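So the structure is just underneath, and the comments pick up after that.
The values are calculated or read from the model by the stated rules, or taken from the named source; none is laboratory data. The structure displayed is predicted, hence computed values, not measured ones. Neighbour counts run over all protein chains shown; Cβ positions are idealised from the backbone, glycine included.
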Amino acid sequence: MSALSVNALCKSFGGLRVARSVSLNVEPGERRLIIGPNGAGKTTLFHLIAGELSPDSGSVTLFDRDITRLPSRKRAHLGMARTYQIITLFSRDTILHNVILALLGLSPLRWNPLVDLKGQHDLTERAHDALARVGLSHIAGRPLAETSYGERRRAEIAMALAQNPKVLLLDEPFAGLSIDERRGVRELLAAIPREVTIVMIEHDMDTALDLANRITLLHFGEVIVEGTRAEVVNDPRTREVYLGE
Amino acid sequence: MNSRHLRFAAIAIALSLLATLPFWVGNAYYINIASQILFWAIFALALNVLVGYAGLVSLGHAGLFGVAGYTAALLLQAGYGHGTAILLALVAALAAAAAFAVLALRSTGIGFLMITLALGQILWGIAYRWVSLTNGDNGVVLHGRPAPFGVSLATPSAFYYTTLVVFVFAILSMVVFTRSPFGASVCGTRDQPRRMSALGYHVWLIRFIAFLFSGFWTGVAGLLFIYYNQFISPQVVALQTSAEVLLMVISGGTATLLGPITGAVIVVIMKNVVSAYVERWNLVLGVIFVAIITFMPEGLVPGSMRLWRLGWRALTNRRTNVLKSLPEPPA
């Protein structure tokens, strides 16, 4: 049983074909890296997997359950969490409130208009735990607007991890980070237990290649190469895509 | 005394002042003005649920206000009791809010605004042109106010206290709503709808429920309006009413509880008191709005708080600097 299976997924925006019969199988616990030059269709593929875009054809299954037509909120309830290439957080609120919102998203409590959110100590404790995992518990009460880019990246990962996902989609988690911050996030991702399957888009090969079990190279919406690190790096098509040889 | 104590003290003083208002105001005219401020404030608070917390700007809420008012007026005219009329008016306001929401929530931003504007105008058209039902431009007249538990609401003081009780309930419901997990969900859909969906929230349904909540309190305000004036005409349902209440919310400060109330105080006083002394009071109101938006774009209440914080910080810094500049005491 695959954790995540994408079968012959196609998507076009008018005349532009951004996903051309993309297929990939990600095993439970696997770390899959998706690479490709700008415009290869990596983020579009993530949107299709997460349910933010509907495919023209093809299917997506999560642990053998067909989720192709499910909206993104239902995919979250089935154990799929994601981060975004451009950080999308709740900038008016504190880091803690951001993580509480992530926890609330999967709780029936989110419909309750009568209780005080601040009085939900269990939720607050779980949010603190999630922040401790990413090393942000000391600034939990800080407004997001007063945090650095690296801290926001960590907060976004904390939100995803707080939901105890089965499959975690990370869209360029190292983008815009300093060398030290990259090292920190890399350690953080390496510490995620194997119960969580990770699919990651990343341009920073030096940092990301070590994390991946298998790599998929995407180009013009098509899977060009797939395999282990050595297989993909040594494949002449990879060099052709990146160096134009 | 910490900020929590200060807040409690401020609330206690405000409630005491409101509870004793008929005694220290004395004049029936000003008691009526106070009643008007309260029910317009309820309307503004209701609109603020959408504008401030859900990030959905509606220009059709006067339609919902009018639906409650017209339904009650027509039922009372048809011989129904006040209890039935009030209940059915609120049901009608909720039904209209649900219909508005289903149509308008297909879009957000300017699209949402235009759809609510169009729906409000349709209701205005019905009130104006369906003469056999609404009596057209002549409006519907009500004969008498209700007398709950044998207490007549005919006097300005009795009506004021009834409006005050409803106003306090409205405020309490807003406080509970904004502090609840559902309130946090509504604010989340305002700030990052896509992220909220990815986190497992049903964004459309959250907005729909927020719309119903807003529609309910708009209906309540509409009922208080019709019982206060004992008359309703198409002018109440017109775009001008929606725009005025939206200005109350924006000028006072969106996503705050005090903001819409402050906005209601400004508009009602300008319309009723200043208009007695200044013929072109609309111009004065316009200048006030422009000044607020220019100097406090976030609204009067948040803007004043910002200035207060800046002033307080400057004062404490100055005090600290003076203390630092003092010579060290001899050892």
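Things worth noting here:
- Candidate set: region B:251-304, residues that are among the small types (G, A, S), within 14 Å of the chain's Cα centre (by Cα) and under 20 Å from B:T241 (Cα atoms); chosen: the one surrounded by the most Cβ atoms within 10 Å (Cβ to Cβ): B:G263
- Considering only residues in region A:6-58 that are within 21 Å of B:G200 (Cα to Cα) and of a type in the set (S, T, Y), the one that is farthest from the chain's Cα centre (by Cα) turns out to be A:S54.
- Listed here are the helices (runs of 4 or more DSSP H) enclosed by region B:74-152 that have at least 3 residues being crowded, with 19+ Cβ neighbours inside 10 Å and under 23 Å from the mean Cα position of the chain (by Cα): B:82-104, B:109-129.
- Taking residues in region B:203-221 that are over 30 Å from B:S35 (Cβ atoms) and facing chain A (nearest Cβ under 10 Å), and partners anywhere that are in a helix (DSSP H, G or I) and at pLDDT 95 or above, the pairs with Cβ atoms closer than 6 Å and at least 6 places apart or on different chains are B:V203/B:T189; B:V203/B:P193; B:V203/B:M196; B:V203/B:S197; B:I206/B:S185; B:I206/B:V186; B:I206/B:T189.
- Odd one out for B:V186 among (1) away from chain A (no Cβ under 14 Å); (2) touching a Lys or Arg at 6+ places or on another chain (Cβ under 8 Å): (1)
- Of everything listed in (1) over 18 Å from A:Y84 (Cβ atoms); (2) touching a strand residue (DSSP E or B) at 6+ places or on another chain (Cβ under 8 Å), the single unmet condition for A:T44 is (1).
- Residue check: A:E125 meets all listed conditions (1) more than 14 Å from chain B (Cβ to nearest Cβ); (2) under 22 Å from A:L33 (Cβ atoms) but one, namely (2).
- Filtered residue count, region A:69-86, keeping only those that are crowded, with 18+ Cβ neighbours inside 10 Å and in contact with a helix residue (DSSP H, G or I) (Cβ under 9 Å, 6 or more places away or on another chain): 9
- The set of residues in region A:167-216 that are among the small types (G, A, S) and surrounded by 19 or more Cβ atoms within 10 Å (Cβ to Cβ) comprises A:A208, A:A212.
Results for (1) modelled with pLDDT of 95 or more; (2) farther than 16 Å from B:T218 by Cβ, shown as yes or no for each residue.
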site: B:L21; (1), (2): yes, yes
site: B:W24; (1), (2): no, yes
site: B:A46; (1), (2): yes, no
site: B:G60; (1), (2): yes, no
site: B:L90; (1), (2): yes, no
site: B:A97; (1), (2): yes, no
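- Against the conditions (1) crowded, with 24+ Cβ neighbours inside 10 Å; (2) under 19 Å from the mean Cα position of the chain (by Cα); (3) part of a helix (DSSP H, G or I), B:N32 satisfies every one except (1).
- Which listed residue, of B:F177, B:F112, is in contact (Cβ under 8 Å) with a residue 40 or more places away in the chain, within 14 Å of chain A (Cβ to nearest Cβ) and of a type outside the set (S, T, N, Q): B:F177
- Leading residue by the ranking (farthest from the other protein chains (Cβ to nearest Cβ)) among those in region B:222-231 that are over 20 Å from B:A95 (Cα atoms) and in a helix (DSSP H, G or I): B:N229
- Residues in region A:89-109 that are surrounded by fewer than 19 Cβ atoms within 10 Å (Cβ to Cβ) and free of Cβ contacts under 8 Å to residues at least 12 places away in the same chain: A:P108 alone.
- Close Cβ contacts (under 7 Å, 6 or more residues apart or on different chains) running from residues in region A:201-213 that are within 16 Å of A:E231 (Cβ to Cβ) to residues that are at pLDDT 80 or above and of a type in the set (S, T, N, Q) are absent.
- From the list A:L169, A:L161, A:L136, A:L144, the lone residue that is farther than 30 Å from B:M174 by Cα and more than 17 Å from the chain's Cα centre (by Cα) is A:L136.
- Single unsatisfied condition, B:A198 versus (1) touching a Phe, Trp or Tyr at 6+ places or on another chain (Cβ under 6 Å); (2) within 14 Å of chain A (Cβ to nearest Cβ); (3) farther than 19 Å from B:T254 by Cα: (1)
- Those strands (runs of 3 or more DSSP E) of region A:1-96 in which at least 2 residues are more than 14 Å from every other protein chain (Cβ to nearest Cβ), considering only elements entirely within it, cover A:4-13, A:16-26, A:31-35, A:57-62.
- Residue that is farthest from the other protein chains (Cβ to nearest Cβ) [pool: residues in region A:153-182 that are within 26 Å of A:T94 (Cβ to Cβ) and among the basic types (K, R)]: A:R182
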